[in-house]
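Okay, structure first, notes after.
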C-alpha cells in the first residue's frame, strides 16, 4: 500500500483526490491537512465521503507527512514550494497540483504569480507531470508539477501536429472553455450560481497563467518559436473543459486522422474519436479520459482540434494519480478506470 | 415625476429596482448609495444598465436622500430602521425591502434577527406592503415593510381558504422552493455555481425568518391560531419561487376553483390558472405576476395550492414598486406590465 | 461470471446499467438489444462507453437471451411481461426496471397503465425488488419488479415510522422532486433544455403511476389503511431525487433519530444523516446511496423526513444490480461502491 | 397602429415576437397561424402570455393575412417563399425570420437547404435585414430576410475591421457559442435537458448554414475574397450567443478601440464596451442590445473581437421588430428599450 498524505484537502481537487483514491486498490490515506478546518471530519465537509473516510482534517503543523510515501499538494500556489524541501529530504515524493513546479523558469514564475520561487534548486529537478509527453521522467521523479487543466488539453491537442512538424508553431489559436469548478472552491461573487448560471463569457483576456506554462511546454516539441493566443471562457457547467485549437498547416498532404490515431494508439487516457466527430464534455465527466477529434475545415489549410477532459480529473486529481502510479511502478490506469457519468 | 432614492443598490434587489424603474414613466432616480462601492458607476458594476443609467453609487453620508419623495432600502436588515426616522421626519416615504418593518412585534424581530429594534414607534405605524391584502393602508403609509418572497406566496396562496374559513389554520404545511438569487449577492461557498448547480436540498430546517412573518400575517385572516410547517428548498435556477401549500379542508362542499377566481378577479398581479393546472416558474420570470392553481388531491380532504412568482419581482423589487404606485396615487400596474421572459 | 442480457439499452437506465456493470467484477454482458438501433455499437450511441464495450445493439428477435443467467429489462412498460415467460421457462432470471412486475394487482396495473397484464401468473410470483424491505424474497426470486424511483424514497423514508407504529398512515404527504433524467430519454418538447432549465414546476397533479405502487407497498408495513398525497415536481438538474415526507405523529415520546439509525444500521446503501441535517442530492450523485434525515419541526407533532437518491442508480439501475447481487449470492455491494461525484 | 400577422407562432421566435410586441405602442396583432395548433389559444400554449393575448392560433388557410400591414414568418425555411408572392401583391410587407430571403444566390440556397427557391424574383428584390449595415434599403423594402443569429454577431463583429481595411479577410476564424434555444422548439433527443445540460460541445463541424450567409454578407464589405472558419458550439444556457472572432491585422498602427467606438457611436443597439472588457451574455439577456469588445492579444498581430447578443432578440425577433420600425418610419428603438434581465 502506498502511504498518502494530502495537504489542503478542502478544495475541489482535494475532494476529488479523496473520491478517486477511495477506488484505488493500492492507496492508503494517512493524513489530510487543513489549517482552517483542522478537526473537522472530511465526511462532515463533504457528505459524499460518508461511510468511507473516518479521518478528520489535521493541522499542517501536527501532521506526520514525513512517514508518507507521497504527498499531494491540493493547495493554492506558494504552499508546496515552502514544504517540498523537508519532504524530499525525508524521502517523501511530492506531487503538486498547484503551479509551484510547473514553470521551470523561476523568473517567469515570479512574473505570473507575483512572488519569488523559494526553492529554485528543487524546481530545477522537478518533472512536468504530463504522462503522455513525459512518461519516463515521471517514473523516477521526486517532485512532479502536475499540469494545469487548460495546458493539458492544449499540449495533448497540439502535440501530434508539432511533433510531426506540419503546422506553423508561431500562429496557434486556442479558444478554450471551462466549467466553473476550474476556478476552485472560493467564495467570490463572480462564481455564484446567480452570476455564472445561464450565461457565458470570456475571461482573463489580458493574460492567463496557463499561457506561459503551455508555451514553455509546447516549445519542447519544436525548434521554432511558439506563438499562442489563448482565450479562456467560462461555461455554466460544473465540470468539463473543451478546447478548440486552430493551427495553420504547413503541409497539407498529411492524413491528420491517421496521425492522431497513431500518436495515441497506446495511450490509456487519450481517445482519438472517429473522423468527423465532435466530443462533448459529458462523455468524460468524472473520468480520467481525454477525448480528441481532429478536423480540417473545408476550403482551408487549417487544422482544428477539439479536445475535452474533466478539468478535475485528467485536468487535476486524476492526472496526479496517474503520475503516482507511474512513480510507484503500478499499472498506469490503476484506480482510474471508471467510465464517465452520462447523462 | 417621483424622485427616488435607493439605499444599498449593489445587491440583486437593487439592480432589479433599477431595471424595473427604467421602464417606469413616472420615476426619476436621484441617488443610489453604497458604502463599499461609492464612486463606481452603476453601469460598471451591472453592464446590463449601460446606456440607461449614468449615475454612480454615492456614499450614504453624502447622499441627499432628504430631497427624494421615496427611498427604497435594498440593504441587509438593520439599515432601514437606523435611517427611517430622519427620512420620515423630512417627509420622505420609505419602502424597506429588508425585514426591519415586516414583523410588527419588536420582540419577535429581536428573537429572529438578533438585534433590538431601534425605532419601535415607527415600526408601530409601518404598513405591511402586500397590496392584495392591505391595499388601503399602503396608500397612505409613510413606511412600508415590503414582504419577504416566501411569505408573499404563502399569504396569497392561503388567503382565500382562510378568509372563507374552509380549512384548519392549525395544520398548514408549506413546502417551498426558491431559486438561488433569493439568497442574495453574497460571496458564500454554498451559493457557488459548482455547489448549487445540478443539486437540490432543503435548508433552514431548524427555522427560517420568513416563518414568524408569515404566521403573523396569516393570523390577521382568521380568529383561530395558526400552525404552520414551512420547509424552504434551494432549486438550481436563478430566479423563481414555487410554493406547494397543503391544508386540511374543514368544509368539503366548497368549489375551490371558483373561490380563488372570485377572490382574485380584480387583481392585476394574481393570475388564477385554469382548474387542473400546474404553473411553472418560468411563466412569471422577470415579471410581477404571481400565478396560482388550486387542487383537491383525489381521495383526500386536502386543498393543495401551487403558487409561483419571480422572487426578485413580485417577491421583492416589483412588489416594492407596486407599493410605490399605490402610495403616490398612480395606477397600480404602472411600469410593471412587461410579460414574463419565456423561454 | 454472471452472464447478462439487457433488453432495451438505449435509454438512461440502459446506459446506466452499462456504466455500473463495467465496474462489476462478476458480470459479463452477453447481449444488449434494441429494435430501432440494431447494429449500432453501444459506444457509438454513448461515447462515454468507448474503449470498454465493443458490442453492438442486436435485434431482439436474434438475441440469444436464453443462454443468459439474468436479463434486465430497461424498456417501456409492456415489454417485459411479453417476454418473461419464455425466459423464466429457460431458467433465466428476470429483473424488470419498468412497471410490469411492480403492481401485484393486475386490475390496478390495467387501470394505471392502460393495458391488460399478459402474464398474471408470473406477476403473482414476482418479487418487489426493494432489498431493505424484501431482502430474503429477492434472493430466490425468478422475477423481480425493480421499484420506481419515487417509491424507493417514499418507502425507505416512511418505513421506520410505519414499522414502529408511531404515525397516522392515513395522512401522509409526500412532496417529491426529481431531476429531468427521471422522465427518460424521450424526444418531448417539455423535456427540452430550453423548456426545463431555469424553471421549476409540479406535474402529474391529477395522478402519477408511482402513487398506487407506493400505497400498495406501504400497506404491507401497517394494518391501517394508507392515505397518501404524492406531489412530484421537476427540478432543473440531470440526476437526483429529493423527497420531503410529512407524517402526523401519534406518539410523540419517540426518539426519531435513534429509530432511523437503528432501523438502517446494517444497510449498506441507506445512510442516516446526523440530527439536524439536510442532505443534498449531489451527495449521492452517480452512487447507489440513499441519504436520509429525520426531523420534528418545532412546535408541531409532525415527523418530516428528507430522503435523497440518484434516481438512475438507487432509483433504477443500481438497485437492479443490488438485486442481482442478492439473487446470485454475491456480497450485496459488489460493484456498487463508487462514491458520489461531488462537485 | 401597424396591423401585424405572424405565420407559425409556436416556436421560440414566435413567442418572442409576441412578448416584444406586447410592449410595442404601435403594434396590433391581427392574426397568428399554426397549422398543427389551430384553435389553441396562444396563452394556453405559452402561459407567460396570459392576460395579454386573447387570440388563438388560426389555420393558415383561413387567416386574413392580406389585410395586415406586415407579416412575420416565424416558420421553418420553405414556408415564407411559398406565401410571399401573394402577400406582396396584396401590398403586405414581409419579414422572414427563417432563411428563405437571406441568401441572395438561389443556387447557394438550394445547396444548403436542399430545395429549389420557389420565387427567385422576390429573392432578387429582398433586402438583408441587418440595420447597422443596411439601414436605408430596409426602410423601403417589401421583403426583408432577417439575419441568422450567428451571422449577426459575425458581421457586426468584423464590419469595422473590414470597412477600415485593416485585416486579412481571407483568414478569419469565428469561434461561436450559442444557448440551446437557438436550435428551436423541436423535440429532438440531443436538445433534451438531460443531454445538453452540464455539458459543452462543438457541432456542425462539417458545415453550418450560417456560413454561406455570413461569407456572402462580409463580401459586401471588402473587395478581397473572404475566407472564414466558423465553429459553432452549444452552451448549456437557454438564451445567449457569444462569438469570439479572430482576424490577422494587416495594419498594426490602428487604434482598434477608437475604430469600434466611432463606427457604432450612433447605433442604438450596438454597445462598444470599454477597452479590456469581456461582455457576458447575461448582460444582454432578453434585450435587443449587442455588446462588443475589441482586443489585441499581447504579443500578436491579431485582432480579437468578443460579441454577445440574445439569440432570440437581436439574433431574431428583436431585430425583426427593429426592421419593422424602420420599414414603417417609426423611431428605430420603439418597443425595444427594455433592459437586460440580470441576474
* To do: Round to a whole angstrom and tell me the spacing of the C-alpha centers of segment A:248-322 and segment A:62-134.
  => 29
* Structure fact -> For C:186, D:206, D:314, ascending order of other Cβ atoms within 10 Å (fewest first) is D:206, C:186, D:314
* To do: Between chains B and C there is a rotation axis; tell me the chain B residue with the nearest beta carbon and how many whole Å away it sits.
  => B:175, 2
* **Shielding score for D:275-285, defined as the mean number of other chain Cβ atoms within 10 Å** => 6
* **Hydrodynamic radius by Kirkwood, which averages 1/r over all alpha carbon pairs of chain A, in angstrom** => 20.4
* Asked: Any idea how far the Cα center of segment B:193-241 sits from the one of segment A:198-216, in Å?
  -> 40
* Ratio of Rg to Rh for segment B:138-231, alpha carbon only, Kirkwood? -> 1.04
* Asked: Which angle between 0 and 90 degrees, to the nearest 10, do you get for helix D:149-164 versus the longest principal axis of chain D when only C-alpha atoms count?
  -> 40
* **Per-residue mean of C-beta atoms belonging to partner chains within 10 Å, peptide C:204-210** => 3
* Extending each Cα 7 Å along its Cβ direction at residue C:261 and residue D:86, get the distance between those two points in nm, one decimal. => 7.7
* When the chain is fully extended, how far beyond the present Cα-Cα distance does residue C:107 get from residue C:140, taking 0.36 nm per residue of separation? -> 9.3 nm
* **Ranked by how many other beta carbons lie within 10 Å on average, peptides D:133-139, B:279-285 from highest** => B:279-285, D:133-139
* To do: With springs connecting C-alpha atoms under 10 Å apart, model chain A as a Gaussian network and identify which of A:51, A:184, A:91 has the largest mean-square fluctuation.
  => A:51
* **Cα-based helix-to-principal-axis angle, A:318-327 vs chain A, degrees rounded to 10** => 80
* Projected label distance in nm at residue D:59 and residue A:251, using a 7 Å step from Cα toward the beta-carbon -> 6.7
* **Nearest-first distances (nm) between copies at residue A:258, label 7 Å from Cα via Cβ** => 5.4, 7.6, 8.2
* To do: Can you tell me the 0 to 90 degree angle between the C-alpha axis of helix B:12-21 and the longest principal axis of chain B, rounded to 10?
  => 80
* Per-residue Cβ neighbour rank within 10 angstrom, fewest leading, A:171, D:291 -> A:171, D:291
* Structure fact -> Inter-copy distances for residue C:3, label 7 Å out on the Cα-Cβ vector, sorted ascending, nm, one decimal, are 4.9, 7.6, 9.0
* Take B:167, B:321 and order them by how many other Cβ atoms sit within 10 Å, fewest up front. => B:167, B:321
* On alpha-carbon atoms, Rg over Rh for segment B:150-311 using Kirkwood Rh? -> 0.97
* Using the 7 Å Cα-to-Cβ label point, sort the distances from residue C:114 to its equivalents in the other copies shortest first and give them in nm to one decimal. => 3.1, 5.5, 6.2
* **Zero-based 5 Å bins, Cα pair distances in segment B:1-117, whole percents** => 2, 12, 22, 23, 19, 12, 6, 3, 1, 0
* Asked: Across peptide D:240-251, how many C-beta atoms of other chains are within 10 Å of each residue C-beta, on average?
  -> 2
* Would you kindly calculate the mean projected area, averaged across all directions, of the convex hull enclosing the Cα atoms of the protein assembly as shown, in square nanometres? => 50.1
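Readers should treat all values here as calculations from the given coordinates under stated rules, not as data from a laboratory. This one's a predicted model, so the numbers in the text were calculated from it and none came from an experiment. Because the Cβ atoms are built from the backbone with ideal geometry, glycine has one as well, and the counts that use them run over all protein chains shown.
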